[in-house]
There are 2 protein chains.
Amino acid sequence: MDGMNGARAVLETLADGGVELCFTNPGTSEMHLVAALDEVPRIRGVLCLFEGGATGAADGYARMAERPAATLLHLGPGLGNGLANLHNARRAGTPVVNIVGDHASYHKSFDAPLESDIEAAAGTVSRWVRRCGGARDAGQDTADAIAAAGSTAQATGGVSTLILPADVCWSRGASAAPVPPGQTVGVDVDALDAAARVLSREGEHTVVLIGGNLMRRPGLEAASRIAAATGARILAEETPARQERGGGIPLVERLAYLGEKAAVQLAGARHLVLAGARSPVSFFAYPGQPSDLVPEGCAVHDLGGAPVALEELADMVAPGVRPITVPGRRPGLPSGALTAEKTAMIIGALLPEGAIVSDEAVTSGRWLPAATADCPPHDWLTLTGGAIGQGIPLATGAAIACPDRPVINLQADGSAMYTLQALWTQVREGLDVTTVIFSNASYAILGMELGRIGALPSANGQARSLLDLTGLDFVALAEGMGLPASRAATADDLAEHLGKALAEPGPHLIEAVVPPPSSFPN
Amino acid sequence: MDGMNGARAVLETLADGGVELCFTNPGTSEMHLVAALDEVPRIRGVLCLFEGGATGAADGYARMAERPAATLLHLGPGLGNGLANLHNARRAGTPVVNIVGDHASYHKSFDAPLESDIEAAAGTVSRWVRRCGGARDAGQDTADAIAAAGSTAQATGGVSTLILPADVCWSRGASAAPVPPGQTVGVDVDALDAAARVLSREGEHTVVLIGGNLMRRPGLEAASRIAAATGARILAEETPARQERGGGIPLVERLAYLGEKAAVQLAGARHLVLAGARSPVSFFAYPGQPSDLVPEGCAVHDLGGAPVALEELADMVAPGVRPITVPGRRPGLPSGALTAEKTAMIIGALLPEGAIVSDEAVTSGRWLPAATADCPPHDWLTLTGGAIGQGIPLATGAAIACPDRPVINLQADGSAMYTLQALWTQVREGLDVTTVIFSNASYAILGMELGRIGALPSANGQARSLLDLTGLDFVALAEGMGLPASRAATADDLAEHLGKALAEPGPHLIEAVVPPPSSFPN
């Protein structure tokens, strides 16, 4: 009995383990896996033109589908191209089964042109890395990779990287394996009691910082009840992987990007209760400014990783108290010359119920949170790891996970240019994604950062020139990938184009021409 | 005395050390370096929209300028985006001073969102990695990085990665440092004698395999003299970083991509003399085929890394013998429906004297070597490390190195989509690059590879679909970056468009619509 080859065992194990999507940009060393897709139609391969598109789409898919997708990448350089969005997935706590094909085991010592240290690169983004040693292990190693990536039963997932040598894939004697049960994180009762005591103290300002899975409705409602009952301030991590927002869902303010603004939000706190969030730190370091944002003298209490802990805490300190939601109104449609603020208002006015927003609007996005707070219920996905080039792939993966929901990608122009290729996959897959490019023709955030270090560049110097993105035509770029696209220079145009794009199925892109911000978000 | 800050010391040291270009896609942690560019105009910053464009351009620049450029990348994710083309630079033996900005030293322990293991990723492509420990070391560390990258006095260069924490850049007390002298590789006299003895033996078939710096005119002439005098067969490595070709320069056949074809080229050899080349190995492994391409019973003799060794060998075994060049004719201009073969003929007919060719045509390029063998003298740059996405950035860097020479980028469509953003830099810099896209709307090489493993995909299966690139419009994509662009579906159109593009300064793109190959190159 020959059994199946390693490639087929990998795919059968993925399918048995609930992994149904494989975002791929394969090469020669992955051809047996690609061929095996014809034998295992339970796994759907989604072609991406660049590996950063594949890894970002796997992240977006899993944030919405609540189970991992697989990737399939081509040796070290293919992994390299996918690293930035795997970094974002790692920071998002997204489960990803990251499969990297490699040369046949016996070929490695010959140092062929594509040979490189895959383990070293994979280790920078993965919680689990394994090289499969033979076809016989292919099923079990795949099952272990799925288990290591985590499931939604856990507080967070992560990237597990399985390296599959070509001879493992083409050799026989393999079989599928069941996925071992994942570990569930229990509630830390002592931490819960400590937090409850802190919240019950009068006159001591307490902040509850929530993040991760608690940015969904149950967690937000629990936090809101705690705030209503105890007067604690609720804040959210700066860059949630997925936040439920809109009508009927408690709204929570996110920590600011700039440390000095976050310090204002946290000022006076005597206690900081962490619920699914990490202790707050400054995104970047600046001369003379602190990295650690916990105020001096503030005690930190971590509830641990169990998503239900916050609900149990709410039942302890706010029994019978209802969460607070503030019904509001959508912004009206503005008119006249377009600005980033008006763009936000138009999005707030038109955002459909059930929308999924992939937000990589960077500086231009400062008005979005307020403008969309009272839209119908929707999900908001943010840039979790700071590695730009997430927005378009993330929207692509989210749309594949939720084919019946509209996806809106709010996208800065500079960061759009890292992984623009994912637009082609949106066309190929017929995805209902509307991309709005905030086109200000500059790396505006770097202008702000230059100003912050006191290095306002001279008018004719190189520094200023290096922030200038003049010359990109996103309508032509989108049409080059097969998308219907249009440009809006007035608010009226944008409202019209956005309304049409949302009404029509399939992908669309709108280039919203906006001036660069004169200063940074408050 | 405060001295200068670390950022300025880095730039002054680069400029003093002959590094004048910095290909960059910077972020917040690099703002002090960007600001310092205003103080050190001897270094020119070249903005790239994606890090793979920056690293590929640095490779192309150094292949032609014969000295390294610097890069400037943003933390681990920026390095990740640049890894694939650093991998190609490593395989090309190209010196690159790869500068990666990082968080301030004291900020790293806080595991801020962009924190990752830069050393681990850098180690996969670098011959030298160092993290600068303080402003006082910034000048010397930069000088050491330049020395480690190598110079053209050495046989080969490499990637040296210098990690610069933000506080190193903003702190004072730094000063520029001189670059320590590079090591030169001496001629291995014993190896030379052994090779001379082998070449003097009658009746024993000897192959001289050349590569690296020996693909320039002096090396090619020495090899040709040896062949003429001894009957040895000269072959070249499969993917030279830079080959001088054309009228008056000895032509050398390159090793084939496929192992079984390379085996035919090497068949019968009793001795293999390596001159600047590595011992030949199969690009990929296949079931039942050897990785090592050295024929059984063939002895391998390595001349070592000194570029002059081959000339000395020629003086020993071929004194007074002249190199052989075969004067030939350019192909005539074909007409009718366009094919990849006709595209090659048109390029052969029109290639200008002094052209620099960046060749990433992959399967469509099979006819290029023959069609261009008798063009006026030119340089041919190939994909050295197999990491696709090299062609457009490489052409960009080569054009910056040689502003008075025309650059022709022969580019497969699939691989164009990895680093298309570099077209924008060509526009911004006003570079005289003509890109010809071989547009066959498929990953044709993977179709060939699927066939080779006996997995010809079923007509309706996923495997076939995953090779299909239908839907890309390269004219629109190029226009979206600001390039004049046109499409050619007939040979007559292509000849006309190419002639015009070559006659006009500045970048152009021509989409040559060709059918996918029915089989792979012989």
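The values are calculated or read from the model by the stated rules, or taken from the named source; none is laboratory data. Everything quoted here is computed from the prediction, not taken from an experiment. FYI the Cβ positions are ideal-geometry reconstructions off the backbone, even for glycines, and counts take in every protein chain you see. Note: accessible area is taken over every heavy atom of the protein model, side chains too, but ligands, DNA and RNA are not part of it. Shrake-Rupley method; radii C 1.70, N 1.55, O 1.52, S 1.80 Å.
Could you please give the count of residues in region A:76-113 that are under 30 Å from the mean Cα position of the chain (by Cα) and either within 8 Å of another protein chain (Cβ to nearest Cβ) or open to solvent by less than 10 Å² (accessible area, probe 1.4 Å) (or both)?
Qualifying residue count for the region: 23.
Say we look at region B:413-434 and pick out the residues that are open to solvent by less than 10 Å² (accessible area, probe 1.4 Å) and among the small types (Gly, Ala, Ser); which of these is nearest to the other protein chains (Cβ to nearest Cβ)?
Per the criteria, the residue is B:414.
Suppose we keep only residues that are in contact with a Pro (Cβ under 9 Å, 6 or more places away or on another chain) and among the small types (Gly, Ala, Ser) within region B:469-494. Which one would you say is surrounded by the fewest Cβ atoms within 10 Å (Cβ to Cβ)?
Across region B:469-494, the extreme among qualifying residues is B:482.
Table: residues versus (1) among the aliphatic types (A, V, I, L, M); (2) under 14 Å from residue B:276 (Cα atoms); (3) crowded, with 19+ Cβ neighbours inside 10 Å; (4) in contact with a Pro (Cβ under 9 Å, 6 or more places away or on another chain).
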{"position": "B:146", "(1), (2), (3), (4)": "yes, no, yes, yes"}
{"position": "B:157", "(1), (2), (3), (4)": "no, yes, yes, yes"}
{"position": "B:174", "(1), (2), (3), (4)": "yes, no, yes, no"}
{"position": "B:200", "(1), (2), (3), (4)": "no, no, no, no"}
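So which of B:113, B:165 is in contact with a Phe, Trp or Tyr (Cβ under 7 Å, 6 or more places away or on another chain) and more than 20 Å from residue B:16 (Cα to Cα)?
None of the others qualify; the one that does is B:113.
Show me the helices (runs of 4 or more DSSP H) found entirely inside region B:304-378 where at least 3 residues are among the acidic types (Asp, Glu).
Filter on region B:304-378 gives B:309-317.
Here is a list: B:306, B:285, B:344, B:337. Which entry is buried (at least 20 other Cβ atoms within 10 Å of the Cβ) and closer than 12 Å to residue B:491 by Cβ?
After applying the criteria, what remains is B:344.
Restricting to region A:347-365, what's the tally of residues that are among the acidic types (Asp, Glu), surrounded by fewer than 24 Cβ atoms within 10 Å (Cβ to Cβ) and touching a helix residue (DSSP H, G or I) at 6+ places or on another chain (Cβ under 6 Å)?
Qualifying residue count, region A:347-365: 0.
Of the numbered conditions (1) surrounded by fewer than 24 Cβ atoms within 10 Å (Cβ to Cβ); (2) farther than 19 Å from residue B:391 by Cα, residue B:64 satisfies every one except a single condition; which is it?
(2)
Quick check on residue A:384: is it part of a loop (DSSP other than H, G, I, E, B), open to solvent by less than 10 Å² (accessible area, probe 1.4 Å), under 21 Å from residue B:77 (Cβ atoms) and of a type outside the set (Gly, Ala, Ser)?
yes
Here is a list of conditions, (1) outside any strand (DSSP E or B); (2) open to solvent by less than 10 Å² (accessible area, probe 1.4 Å); (3) at pLDDT 95 or above, and residue A:512 meets all of them except one; can you say which number that is?
(1)
If residue A:326 meets every condition in (1) free of Cβ contacts under 8 Å to residues at least 60 places away in the same chain; (2) surrounded by fewer than 22 Cβ atoms within 10 Å (Cβ to Cβ) apart from one, which number is that one?
Checking residue A:326 against (1) free of Cβ contacts under 8 Å to residues at least 60 places away in the same chain; (2) surrounded by fewer than 22 Cβ atoms within 10 Å (Cβ to Cβ), the one that fails is (1).
Tell me which helices (runs of 4 or more DSSP H) are completely within region A:33-150 and hold 2 or more residues being closer than 23 Å to residue B:383 by Cα and hydrophobic (A, V, I, L, M, F, W, C), or say none if there are none.
So the answer is A:75-92, A:118-123.
Are any of the residues in region B:443-454 part of a loop (DSSP other than H, G, I, E, B), surrounded by fewer than 24 Cβ atoms within 10 Å (Cβ to Cβ), of a type in the set (A, V, I, L, M, F, W, C) and within 14 Å of chain A (Cβ to nearest Cβ)?
Yes, that holds for at least one residue.
Residue under question is residue A:321, and the condition is that it be open to solvent by less than 70 Å² (accessible area, probe 1.4 Å), among the aliphatic types (A, V, I, L, M) and touching a Phe, Trp or Tyr at 6+ places or on another chain (Cβ under 7 Å); does it hold?
It is false that residue A:321 is open to solvent by less than 70 Å² (accessible area, probe 1.4 Å), among the aliphatic types (A, V, I, L, M) and touching a Phe, Trp or Tyr at 6+ places or on another chain (Cβ under 7 Å).
Would you confirm whether any residue within region A:18-25 is assigned to a helix (DSSP H, G or I), free of Cβ contacts under 8 Å to residues at least 60 places away in the same chain, within 21 Å of residue B:463 (Cβ to Cβ) and open to solvent by less than 10 Å² (accessible area, probe 1.4 Å)?
no
Kindly provide the set of residues from region B:290-303 that are within 14 Å of chain A (Cβ to nearest Cβ) and buried (at least 16 other Cβ atoms within 10 Å of the Cβ), ordered by number.
If the condition is that a residue be within 14 Å of chain A (Cβ to nearest Cβ) and buried (at least 16 other Cβ atoms within 10 Å of the Cβ), then B:290, B:291, B:293, B:294 are the ones that fit.
With (1) open to solvent by 30 Å² or more (accessible area, probe 1.4 Å); (2) of a type in the set (A, V, I, L, M); (3) more than 16 Å from residue A:512 (Cα to Cα); (4) part of a helix (DSSP H, G or I) as the list, and residue A:400 as the residue in question, which single condition is left unmet?
Condition not satisfied by residue A:400: (1).
Please go through region A:254-275 and pick out each residue that is touching a residue at least 60 places away in the same chain (Cβ under 8 Å) and open to solvent by 40 Å² or more (accessible area, probe 1.4 Å).
Within region A:254-275, A:254, A:257, A:261, A:268, A:270 qualify.
If I ask for residues that are at the interface with chain A (Cβ under 7 Å from one of its Cβ atoms) and under 26 Å from residue A:50 (Cα atoms), which ones from region B:30-63 would you list?
Result: B:47, B:49, B:50.
Under 23 Å from residue B:386 (Cβ atoms) and either touching a residue at least 40 places away in the same chain (Cβ under 8 Å) or in contact with a helix residue (DSSP H, G or I) (Cβ under 6 Å, 6 or more places away or on another chain) (or both): which single residue out of B:472, B:477, B:446 fits that description?
B:472
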